[in-house]
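S.K.: This structure is in structure tokens; I'll ask about it shortly.
The values are calculated or read from the model by the stated rules, or taken from the named source; none is laboratory data. From a predicted model like this one, the values you see are computed outputs, not experimental measurements. As a convention, Cβ positions derive from the backbone with ideal geometry for all residues, glycine included, and neighbour counts pool all protein chains shown.
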Amino acid sequence: MTISIELQKQQQLIHKLLKRYKITYNYDEYFQILFIHLWQLLVNYNPQHSNSLESYLYIRLRFHLIDQFRSKHLKYHFVDINLCHLEAPNNFSSIEASILYTQFSNQLSHKEQQWFLLSLQGYKQYEIANIMQLSLSTIKNYKKAVQVKYSNYFKI
């Protein structure tokens, strides 16, 4: 067994794991981490200790991926809401849109600003709950509060 041939054959296993855990953000980063770990597993594999190479790799890669989720160095870091720049709507200049955004965001609490920023970045509610380490119901309350403040601010 040559390692390079086996690496090519087992890449599909990494894709299955990433799909199973619904990894959409940082897909390439997780793929690279698992690919390196796959290489290490293939180098250290001893057929006498395991019946099947595929099951051995699947279990080890799955646990490694879970460990990556739990590790502190891959936790999300919040971007300062004041540094965020939204694209201006078509009928506004970028300065007017920036002023409107700043005025509106000043009405939000810090947690609401974090929710708003993550929502604008395309995160789903359950992902925002994981990132902010809050319950989903709390995140939904932030969403409602921002919607109310938005409709009051823009008189919708």
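S.K.: Go through H37, H49 for me and flag whichever is buried (at least 16 other Cβ atoms within 10 Å of the Cβ) and outside the structural domain of Y126 (by TED's automatic domain parsing).
M.R.: H37
S.K.: Please verify whether Y56 is modelled with pLDDT under 85 and touching a helix residue (DSSP H, G or I) at 6+ places or on another chain (Cβ under 8 Å), treating the condition exactly as stated.
M.R.: Values: modelled with pLDDT under 85: no; touching a helix residue (DSSP H, G or I) at 6+ places or on another chain (Cβ under 8 Å): yes.
Answer is no for this residue.
S.K.: Related question: Please find, among K140, K124, the residue that is at pLDDT below 90, closer than 24 Å to Y21 by Cα and basic (K, R).
M.R.: K124
S.K.: Filter the stretch 103-121 down to the residues that are surrounded by fewer than 15 Cβ atoms within 10 Å (Cβ to Cβ) and either modelled with pLDDT of 90 or more or over 16 Å from the mean Cα position of the chain (by Cα) (or both) and list them by number. Before the answer, list the steps.
M.R.: Keep residues of the stretch 103-121 that are surrounded by fewer than 15 Cβ atoms within 10 Å (Cβ to Cβ), which gives 103, 106-107, 109-110, 120-121.
Result: Q103, N106, Q107, S109, H110.
S.K.: Among the listed residues S98, S93, S135, identify the single one that is at pLDDT 85 or above, more than 15 Å from the chain's Cα centre (by Cα) and small (G, A, S).
M.R.: Among S98, S93, S135, only S135 is at pLDDT 85 or above, more than 15 Å from the chain's Cα centre (by Cα) and small (G, A, S).
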